[in-house]
Amino acid sequence: MGRRSIRAFQPTPVPRAVVEDILRVASRAPSGTNLQPWQVHVLTGAALTRLSDRILAIYADPAELARHEREYDYYPKEWTSPYLERRRKVGWDLYGLLGIAKSDRAGMHAQHGRNYRFFDAPVGLIFTMDRVLQVGSWLDYGMFLQNIMVAARARGLDTCPQAAFTQFHRVIAQELGLGPEQMVICGMALGHADPSAPENALVTERAPVSEFARFYEK
């Protein structure tokens, strides 16, 4: 089965050996001059709960939340077509499955907050990278993340990559004891998908090959 983002997980534990095997396989991702820029922080049990609780306490306090900014700009500062339309559609498709109306700001806020519980997955991954590394290492990192997600599917598991964690990089750095040279890239939920959750019925659309590819023959 194909990879897709899962937003509700069962509590079934994932053995550490399985997580280690996924990371071992993923580490074969290509990287320029074999820099291997990835650093992975695996959270389970009390460690996962503690980080989630700290972030959610801030997320629930508007004044405190305003003090936390993203580590880097994941999205464009100015949205243009077709990216704005794609972003809106996936958001409304998700909220529609959950019965959250466009006017339900509280419902949207609560759903977004589920990111910080890793959507109840038993394993939470936080990814960091040394700040001295440059754009090429970001490309390498993306291939590493994709390898994790594909390797997880091969083992009957699902994932959800989560850029939402970058807003709380200072909290994450404190909780995980990260040095100032480490930059938070993203998080990822890992576990067994809950097949009964309506949000897991979401399958995002993809543009056809004819829309994004050009073939040159002469």
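The values are calculated or read from the model by the stated rules, or taken from the named source; none is laboratory data. This is a predicted model, so every value here is computed, not measured. No Cβ is skipped: glycine too gets one built from the backbone with ideal geometry, and neighbour counts run over all protein chains shown. Protein only, heavy atoms only, side chains kept; ligands, DNA and RNA dropped before computing areas. Shrake-Rupley method; radii C 1.70, N 1.55, O 1.52, S 1.80 Å.
Remarks
- What a 1.4 Å probe finds exposed on the stretch 55-192 is 55% carbon and sulfur by accessible area, rounded to a whole percent.
- With all protein chains modelled, accessible area of LEU56 [1.4 Å, Å²]: 40 Å²
- Take the Cβ atoms of ALA213 and ARG88, set R0 to 25 Å, and the FRET efficiency comes out at 0.55.
- Residues of the chain: accessible area per residue with a 1.4 Å probe, Å²: 58 Å²
- FRET efficiency for ALA106 and VAL25, using Cβ-Cβ distance with R0 set to 41 Å, rounded to 0.05: 0.50
- Cα gyration tensor shape for the stretch 111-191, rounded if a/c is under 1.5, else prolate or oblate: oblate
- Spin-label pair ALA201/GLU78, simplified geometry with 7 Å Cα→Cβ offset, distance in nm: 4.0 nm
- For the stretch 26-173, the relative contact order comes to 54 percent (Cα pairs under 8 Å, sequence separation of at least 6).
- Note on the chain: helix-only mean residue ellipticity at 222 nm, from DSSP H runs of 4+ residues weighted -39500 (n - 2.57) and normalised by residue number, equals -12000 deg cm²/dmol.
- Fraction of the pair-distance distribution of the stretch 50-106 above 14 Å, Cα-Cα pairs, percent: 72 percent
- With both labels modelled 7 Å from their Cα along Cα-to-Cβ, the ARG70 to VAL135 distance reads 1.8 nm.
- Translational diffusion of the chain, µm² s⁻¹ [Kirkwood Rh, Cα pairs; Stokes-Einstein; 25 °C; 0.890 mPa s]: 131 µm²/s
- In order along the stretch 143-159, the Karplus-derived 3J(HN,Hα) couplings, from 6.51 cos²θ - 1.76 cosθ + 1.60 at θ = phi - 60°, round to 5, 5, 4, 4, 4, 4, 5, 6, 5, 5, 4, 5, 10, x, 10, 10, 9 Hz, and Gly and Pro are given as x.
- Our coupling estimate for the stretch 198-214, obtained by passing each phi through the Karplus curve with A = 6.51, B = -1.76, C = 1.60 and θ = phi - 60°, is x, 5, 7, 7, 5, 10, 6, 6, 10, 5, x, 3, 4, 7, 10, 10, 10 Hz, Gly and Pro reported as x.
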